[in-house]
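All remarks here apply to the structure that follows.
The values are calculated or read from the model by the stated rules, or taken from the named source; none is laboratory data. In this text the structure is predicted, and so the values were computed from the model without any measurement. Cβ atoms come from the backbone with ideal geometry, glycine included; neighbour counts cover every protein chain shown.
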Amino acid sequence: MPLQAAPDVSGFQLAPDLTGDDAEDSALLAEMARDAEAYIASHHWAPPIAQLFLGYGLGGVLALFLAHFSRPLPGGRDEWLWVAVGDLPPAYFVTDAAPTPGEALGVYCELMEDWADRVMAEEDLSEAFPVEVAPTREHAELLLGRVDFIRKKLIPLA
């Protein structure tokens with residue numbers, strides 16, 4: 001199976017060298033880059049990250065990074081993953097169905113909605129993306145509120 005095509009990162013900033021017009025936002029995004037690296041490194045299957053690119057970020061709220069690994073992930077095809085971190089559950093996912101930051105944020109929303117909907121319906125979570133909070137109605141409602149914010153306010157800007 002051939003390796004996935006490299007995503008277009010021409011408009012992205014390389015982390016951790018994140019700079020912008022707002023020093024506080026840049027510092028928050030640099031901290032979020034470290035969070036994304038730590039989140040991925042916490043998974044035993046993850047090879048070292050060779051490069052981390054900022055695809056979209058709102059400091060302290062949500063950052064979407066594109067991680068390029070030093071070697072393919074187990075399975076031998078993927079070298080790139082999107083990584084979302086912030087004031088919400090972190091997640092990683094492949095780039096195939098989401099080549100742009102806006103599409104990637106849409107995938108993130110779908111993963112989180114699926115989890116929250118299953119929690120609200122008291123369904124089995126074994127097929128849902130693992131969200132690292134207790135599967136309570138309160139957490140599901142909070143997550144659905146954040147997903148709604150991302151869909152209405154952030155995706156149109158990505």
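Annotations
- Among the candidates A38, A67, A116, the residue that is surrounded by 15 or more Cβ atoms within 10 Å (Cβ to Cβ), among the small types (G, A, S) and under 24 Å from L18 (Cα atoms) is uniquely A67.
- Cβ pairs under 9 Å, 6+ apart, first in segment 54-81 and touching a residue at least 24 places away in the same chain (Cβ under 8 Å) and closer than 12 Å to L154 by Cβ, second among the β-branched types (V, I, T) and crowded, with 21+ Cβ neighbours inside 10 Å: L62/V85; L62/I150; A63/V83; A63/V85; L64/V83; L64/V85
- One residue alone among L157, L105 is surrounded by 13 or more Cβ atoms within 10 Å (Cβ to Cβ) and not charged (D, E, K, R), and that residue is L105.
- Of the strands (runs of 3 or more DSSP E) contained entirely in segment 1-111, those carrying at least 1 residues that are modelled with pLDDT of 95 or more, under 23 Å from V133 (Cα atoms) and out of contact with any Asp or Glu (no Cβ under 7 Å at 6 or more places or on another chain) fall at 62-69, 80-86, 91-94.
- Test result for P135, within 16 Å of the chain's Cα centre (by Cα) and either outside any helix (DSSP H, G or I) or among the charged types (D, E, K, R) (or both): no
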